[in-house]
Amino acid sequence: MHAPHRRFSQPGLLALSGHALLTAALLWAPLAARSARAEDPLVSPWDTFWDSITWLTETYDPNILSDSPFYDLSPTLHVRAGIGTDRVNLTPAPASGELSVGQEEGGFRMRRFRRFEAGIGGALDLNFLETAGTSLPVPFVGLIPIAGVAAEDTMWMPNREAENHLGPVRAYPTREFILGLRPGDRLIRQMSGGVLFSVGIGFYMVGVSGRYLARGEWEVSVERLRGTEALVKVSRSKLHSLSLNAGAVVIGVAAENFRNADRYFSFKIDLESQYSGLVLHDIVRGNLTKAQELAAQPDSPVRLEVAASTVEKGGFQRFWYGIPAILGGEISRGKITSYSNEWRFSANGARAMVDHGVFLREQEIRLLARKQRHSRMFYTTYATVGTPDPSTEGGVEAWLDQDKSERDRPKPEDGVPELLGNFVWHYEDNRSKGGRLASIVRRLIADTGLERELAVRAPPEDEKLKYASVKFGFTFSTPATHRLMMAAQHPQFQVKTLDFLDRRLEDYFTLGDRFDLCDGGSLQRCQIEFRRETLEALGKMREALLTMARTRMSSKGGFVKAYAEFGKAMMENQFTFGVARDIVGSAPLRMRYEVEGERITRLIRNFGEYLPQPPGTLSKIGHKDRVPYRLLKDQEIAYAQD
């Protein structure tokens, strides 16, 4: 007789596999709660509970369906659900940066969401390696078809009491309901389905597995516009991912490669038309036929705005470990690298080809209802705009169905490409306090060195704030990107960047370690170590910039990948970030800073920076010469000009 084994698995984009007795499963079930997806960061606290239930239902096998000594066949159940509401106080904070509690005159941005996903399949434990009295690692295979639905509403509420009159989340919003929304309100509905196949080997609570996921999604976003119109965006995507996972119940590491193909359409619909209700009804349920027919007619209440096709490839690695079972959570760290190609076709005849490169580093902590997430990302854009190929017939679908090489064929009318690099620093906490918010802002300043621009006055240390978010975005414009590439090719690059670095190190350490970069250690030794680390990162930045210069006119994919590598190195510390800004000089930059939450007033700052000198002058660019930032008005959308 051999002892029955139980298979360990868990939902989400990652999976760990192993074996445990039922008693161990009941004890360790809460440890399996995890959320490895890199999507909307506002996740319901209920997800932690449902993740634990999902893990337990997938792990516990009450009935062995076969008495064969060679294999055990058992049913496997997958269930995932989430429900929650997030609020952001829209009352503006004063320009001084003082964040107040209790002022709610500006109303709220409320986001409520519902998600449910389920599947049932079979799993096969292969016991042929076991002999009497001996227990060896057991191979297993599993197959689960899955399907899910999700709904999300984002609306402006004048006060908290107004939420009580909304009613439940509507699976299929009507024309009358959308007409009653305010401009800017948005509804999202999503349907998904797919199949999950896994194969691996496990021994009690330790295992290694491989997993293949094929998944399709249909997502519809309806945004209320001014007047009687609504903007309807439709996305249909196919995701294929292959992952390798290893670990035990309380610790694990995983790596995954994925490929995502997406078709995207957006329509403007006149809600006063008698056809609008029928069109919305069909679109939400996955049928575009009526919308496309009406969009092709003149003077139609339905107009096609944009059609696009996107292919994304990438991978991510994640390390996680569970907290003691009584807390039911985990701490995880990971990074994601992805590259995508997008082709857009506008109804006015314009077309655009957009390539993106992304590097994301993220840390997440989940403890029951408590959730914190900190992410730093650098994403790049290579975009060209032109007119459609005159030889293309059959409209948008025919253009999107062309081979990639044909769609990417260079054309004189495409003009100069737009080259952008974007750095985003984001932290959020759904159970924040005033002291915690102050420490997060301090951490952002330590990472960027922008003390004067980012300092705020937080509420009292023990003040409970509920949800709070700090977000900082920094964009290298096209001229700034060119300046970076030019500087990397300059024969004095190393000399000048070393001068920039030494000045910044001197400026910081002369006044002491104000932001605890040295963790209380020797300042002299710390300064030497930071100089070494920064010089190493600057070398990687220059190597990436030289690759960008070589590939700019020959390989868009190679360019965005190299730009993402530049951003990865630039995120090393505040000194690499500062030297990058020094190199750019007078080229236009843009920065946006947001601090918001449920109970605090909302702070938004937009910045531009300038240097009064001729473009391309590397030798005159220095930290000591930098003029103060100019605070831009919120309505100034374009990049600051020289």
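Put simply, of 326, 283, 269 the only residue that is among the hydrophobic types (A, V, I, L, M, F, W, C), farther than 30 Å from residue 352 by Cα and either modelled with pLDDT of 75 or more or not in a strand (DSSP E or B) (or both) is 326. When the range 72-87 is filtered for residues that are under 30 Å from the mean Cα position of the chain (by Cα) and not small (Gly, Ala, Ser), the ones remaining, listed by number, are 77, 78, 79, 80, 83, 85, 86, 87. Residues in the range 119-128 that are modelled with pLDDT under 75 and open to solvent by less than 70 Å² (accessible area, probe 1.4 Å) were compared, and the one that is farthest from residue 185 (Cα to Cα) is 127. Yes or no: the range 193-200 includes at least one residue that is touching a residue at least 24 places away in the same chain (Cβ under 8 Å), farther than 30 Å from residue 73 by Cβ and either open to solvent by 60 Å² or more (accessible area, probe 1.4 Å) or among the basic types (Lys, Arg) (or both). No, the range 193-200 contains no residue that is touching a residue at least 24 places away in the same chain (Cβ under 8 Å), farther than 30 Å from residue 73 by Cβ and either open to solvent by 60 Å² or more (accessible area, probe 1.4 Å) or among the basic types (Lys, Arg) (or both). For the range 178-192, which residues satisfy the criterion of being in a strand (DSSP E or B) and either among the acidic types (Asp, Glu) or open to solvent by less than 70 Å² (accessible area, probe 1.4 Å) (or both)? Scanning the range 178-192 gives 187, 188, 189, 190, 191, 192.
From the set of residues in the range 549-561 that are touching a residue at least 60 places away in the same chain (Cβ under 8 Å) and over 13 Å from residue 354 (Cβ atoms), which is most open to solvent (accessible area, probe 1.4 Å)? It comes out as 561. Per this entry, residue 260 is not counted among residues that are open to solvent by less than 60 Å² (accessible area, probe 1.4 Å), at pLDDT below 85, farther than 29 Å from residue 559 by Cβ and in contact with a Ser or Thr (Cβ under 8 Å, 6 or more places away or on another chain). The set of residues in the range 560-609 being within 27 Å of residue 418 (Cβ to Cβ) and basic (Lys, Arg) consists of 561, 568, 581, 590, 592, 605.
Applying the condition of being in a loop (DSSP other than H, G, I, E, B) and either of a type in the set (Val, Ile, Thr) or in contact with a helix residue (DSSP H, G or I) (Cβ under 7 Å, 6 or more places away or on another chain) (or both) to the range 286-323 and asking which residue is modelled with the lowest pLDDT yields 323.
All conditions in (1) in contact with a helix residue (DSSP H, G or I) (Cβ under 6 Å, 6 or more places away or on another chain); (2) crowded, with 17+ Cβ neighbours inside 10 Å; (3) at pLDDT 75 or above hold for residue 83, with the sole exception of (2). When residue 463 is tested against the conditions (1) more than 20 Å from residue 515 (Cβ to Cβ); (2) in contact with an Asp or Glu (Cβ under 6 Å, 6 or more places away or on another chain), the lone failure is (2). Residues of the range 464-481 that are open to solvent by 40 Å² or more (accessible area, probe 1.4 Å) and at pLDDT 95 or above: 471 alone.
Taking (1) at pLDDT 75 or above; (2) open to solvent by less than 40 Å² (accessible area, probe 1.4 Å); (3) under 22 Å from the mean Cα position of the chain (by Cα); (4) closer than 17 Å to residue 560 by Cβ in turn, residue 352 satisfies each apart from (3). If you go through the range 430-456 and pick out every residue that is out of contact with any Gly (no Cβ under 6 Å at 6 or more places or on another chain) and either under 22 Å from residue 589 (Cα atoms) or open to solvent by 50 Å² or more (accessible area, probe 1.4 Å) (or both), you end up with 17. With the checklist (1) touching a Leu at 6+ places or on another chain (Cβ under 7 Å); (2) among the small types (Gly, Ala, Ser); (3) modelled with pLDDT of 95 or more in hand, flag the one item residue 586 doesn't pass. Tallying (1) touching a Leu at 6+ places or on another chain (Cβ under 7 Å); (2) among the small types (Gly, Ala, Ser); (3) modelled with pLDDT of 95 or more, residue 586 fails exactly one: (3). Restricting attention to the range 131-173 and to residues that are at pLDDT below 75 and touching a strand residue (DSSP E or B) at 6+ places or on another chain (Cβ under 7 Å), the residue that is most open to solvent (accessible area, probe 1.4 Å) turns out to be 137.
Being under 19 Å from residue 573 (Cα atoms) and touching a residue at least 12 places away in the same chain (Cβ under 8 Å) holds for only one residue in 487, 468, 455, and it is 455. The residues of the range 492-514 include none that are on the phi > 0 side of the Ramachandran plot and surrounded by 12 or more Cβ atoms within 10 Å (Cβ to Cβ).
Of all residues in the range 99-118, those being in a strand (DSSP E or B), touching a residue at least 60 places away in the same chain (Cβ under 8 Å) and either surrounded by fewer than 19 Cβ atoms within 10 Å (Cβ to Cβ) or of a type in the set (Val, Ile, Thr) (or both) number 2.
Yes/no per residue for (1) of a type in the set (A, V, I, L, M); (2) at pLDDT 80 or above; (3) over 28 Å from the mean Cα position of the chain (by Cα):
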residue: 362; (1), (2), (3): no, yes, no
residue: 373; (1), (2), (3): no, yes, no
residue: 383; (1), (2), (3): yes, yes, no
residue: 388; (1), (2), (3): no, no, yes
residue: 392; (1), (2), (3): no, no, yes
residue: 395; (1), (2), (3): no, no, yes
residue: 412; (1), (2), (3): no, no, yes
residue: 430; (1), (2), (3): no, yes, no
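Of all residues assigned to the range 33-46, at least one qualifies as being under 30 Å from residue 599 (Cα atoms), modelled with pLDDT under 70 and not in a loop (DSSP other than H, G, I, E, B). Within the range 515-542, take every residue that is open to solvent by 40 Å² or more (accessible area, probe 1.4 Å), in contact with a helix residue (DSSP H, G or I) (Cβ under 8 Å, 6 or more places away or on another chain) and without any contact (Cβ under 8 Å) to a residue 24 or more places away in the chain and give me the one that is nearest to residue 449 (Cα to Cα). If we take residues in the range 515-542 being open to solvent by 40 Å² or more (accessible area, probe 1.4 Å), in contact with a helix residue (DSSP H, G or I) (Cβ under 8 Å, 6 or more places away or on another chain) and without any contact (Cβ under 8 Å) to a residue 24 or more places away in the chain, then 527 is nearest to residue 449 (Cα to Cα).
Figure legend. Inter-residue proximity from the range 158-177: first residues under 22 Å from residue 108 (Cα atoms) and outside any helix (DSSP H, G or I), second residues open to solvent by 70 Å² or more (accessible area, probe 1.4 Å) and not aromatic (Phe, Trp, Tyr), beta-carbon distance below 8 Å, spacing 6+ or different chains. Indicated pairs: 169/114.
The values are calculated or read from the model by the stated rules, or taken from the named source; none is laboratory data. In this text the structure is predicted, and so the values were computed from the model without any measurement. Cβ sites come from the backbone with ideal geometry, for glycine too, and all protein chains shown count toward neighbours. Side chains included, ligands, DNA and RNA excluded: accessible areas come from the protein's heavy atoms. Shrake-Rupley method; radii C 1.70, N 1.55, O 1.52, S 1.80 Å.
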